[in-house]
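Here's the structure we're looking at; comments come further down.
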Amino acid sequence: MAMEINKSYSRYGMNYEEQLKTKRQEKTDGAEKDKEVKNDSSEIPVQRDEYISSEASNRKPSGLYRLGQDENGNPKVLFDDPKKPVNEKPVNEKPVNAEKDRSSEPPEETCTGNTDQVDREIKKLKEEKKQLEQQIKAASGDGEKIKELEKKLAQVESELSQKDNDTYRRQNSVFTEATSN
């Protein structure tokens, strides 16, 4: 597939500046000449780009594009140059004997995250909150004790709201690294 832009402007008769000048002159001459300008402008063809297939243009395509992957496995557009010798290996293709090359590559590394410690901490705070709520219900007669328990409960709730989310879990999780061949 090839795109070709036809740049032959000679078939239009005159350039754009000349067309504008003639239209301005005709507008100043009067209403009769306005009608003639409309007729003249309808005769001038409009410039357009058009698709010409590679078979019709008798040209070979400049190259072929294909979707491939880069070193990190991300999608990438690759260009196959038709002028490049056939015996050369493309840049991003893997060799036929991939097993031999694996020995030269570093081993794969895998990491596992453990959030058990964070989960235990959150569970402990939730239990403490339940105990404080029960103590507040039990101490319904003593006003000072209730205020003190409510202060502790507010502290526990604020600490729980800070720690009981995904961001805190990610920040405080323990990662272990394992290598595999």
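Just a few scattered comments:
- Every pair of residues 6+ apart whose Cβ atoms lie under 8 Å, when the first sits in the stretch 145-165 and is assigned by TED's automatic domain parsing to the domain that holds residue 128 and under 13 Å from residue 135 (Cα atoms) while the second is hydrophobic (A, V, I, L, M, F, W, C) and assigned to a helix (DSSP H, G or I): 146/136; 149/132; 149/136; 150/136; 152/132; 153/132; 153/136
- Identity of the residue in the stretch 23-81, closer than 30 Å to residue 105 by Cβ and basic (Lys, Arg), that ends up modelled with the highest pLDDT: 76
- Pairs, first basic (Lys, Arg) in the stretch 14-40, second assigned to a helix (DSSP H, G or I) and modelled with pLDDT of 75 or more, C-beta under 7 Å, six or more apart: 33/26
The values are calculated or read from the model by the stated rules, or taken from the named source; none is laboratory data. These numbers were taken from a predicted model, which means no experiment stands behind them. We place every Cβ from the backbone using ideal geometry, glycine too, and count neighbours over all the protein chains shown.
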